[in-house]
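Enquirer: Before I ask anything, here is the structure I am working with.
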Amino acid sequence: MKPTRFGLILLALFALLEASPTMGQTDKKEKDGKWETADGTPTYQISSDGTVDWYTFSGFRRYHSECHVCHGPDGEGSTYAPGLLESLKTMSYQDYMLVVASGREVVRADKQSKMPALGDNPNVMCYIDDIYVYLKARADGALPRGRPAKRVEKPASADATEKACFGGK
């Protein structure tokens, strides 16, 4: 193999890795109990003993209070709406935000579905990152079905953000 061809293959491989939706899960940082990937995308933190970060736990709770009615328990889908786990394997955080806030409608000869816009629902939008990290952990296979058995304590910063989002002090 010529050095030039080898270099091109390496560049292509790195480009694929950078485009991978799970890239960066090992390269993450924490600030005030929130975890994010190197590019700033919210992510989860699960310890080897199964303890989840507060925001992943909150995402489980918020998903099951607002989303599971249509999308089924644990993001697995239902007869009413599709599962979300396959989508979250490839969907970017920005696309997720757009779909949740603005909704989406699919009309084809074989399928018709409508995701309502939830951008004005504070019970969703105040916890949008929490729901994302919970679903991302499920999609990546890092979190099994069901309520997480262990979680870290709620950070004070989460209380402050929650109060501000709902208009409190």
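Enquirer: Taking K169 as the residue in question, decide whether it is at pLDDT 90 or above and on the phi < 0 side of the Ramachandran plot.
Expert: Considered against the rule, which asks whether it is at pLDDT 90 or above and on the phi < 0 side of the Ramachandran plot, K169 comes out as no.
Enquirer: Right, next: Please state which of the following conditions K89 fails to meet, knowing it meets all the rest: (1) among the basic types (K, R); (2) closer than 23 Å to D39 by Cα; (3) surrounded by 18 or more Cβ atoms within 10 Å (Cβ to Cβ).
Expert: (3)
Enquirer: Still on this structure, I have one more. State whether the residues of the range 146-166 include one that is at pLDDT 90 or above, closer than 18 Å to E86 by Cα and either touching a Leu at 6+ places or on another chain (Cβ under 7 Å) or crowded, with 16+ Cβ neighbours inside 10 Å (or both).
Expert: Scanning the range 146-166, I find no residue that is at pLDDT 90 or above, closer than 18 Å to E86 by Cα and either touching a Leu at 6+ places or on another chain (Cβ under 7 Å) or crowded, with 16+ Cβ neighbours inside 10 Å (or both), so the answer is no.
Enquirer: Which of the residues belonging to the range 36-72 are more than 15 Å from V133 (Cβ to Cβ) and either among the hydrophobic types (A, V, I, L, M, F, W, C) or touching a His at 6+ places or on another chain (Cβ under 7 Å) (or both)?
Expert: A38, V69, C70
Enquirer: Could you list all residues from the range 35-64 that are aromatic (F, W, Y), under 12 Å from A137 (Cβ atoms) and not in a loop (DSSP other than H, G, I, E, B)?
Expert: W35, Y55, F57, F60, Y63
Enquirer: Still on this structure, please answer the following. What pairs come out if I take residues in the range 44-59 that are in contact (Cβ under 8 Å) with a residue 40 or more places away in the chain and on the phi > 0 side of the Ramachandran plot and pair them with residues that are part of a loop (DSSP other than H, G, I, E, B) and polar (S, T, N, Q) whose C-beta lies under 8 Å away, six or more apart or interchain?
Expert: Correct list of pairs: empty, since none qualify.
Enquirer: Determine whether A139 is closer than 30 Å to D49 by Cα and under 11 Å from the mean Cα position of the chain (by Cα).
Expert: yes
Enquirer: While we're looking at this one, here's another question. Got a sec? Which helices (runs of 4 or more DSSP H) wholly within the range 65-133 have at least 2 residues that are in contact with a Leu (Cβ under 8 Å, 6 or more places away or on another chain)?
Expert: Per the criteria, 85-90, 93-102, 122-125.
The values are calculated or read from the model by the stated rules, or taken from the named source; none is laboratory data. Since the structure is predicted, the reported quantities are computational estimates derived from the model, not experimental observations. Every residue, glycine as well, gets a Cβ built from its backbone with ideal geometry; the counts of neighbours run over all protein chains shown.
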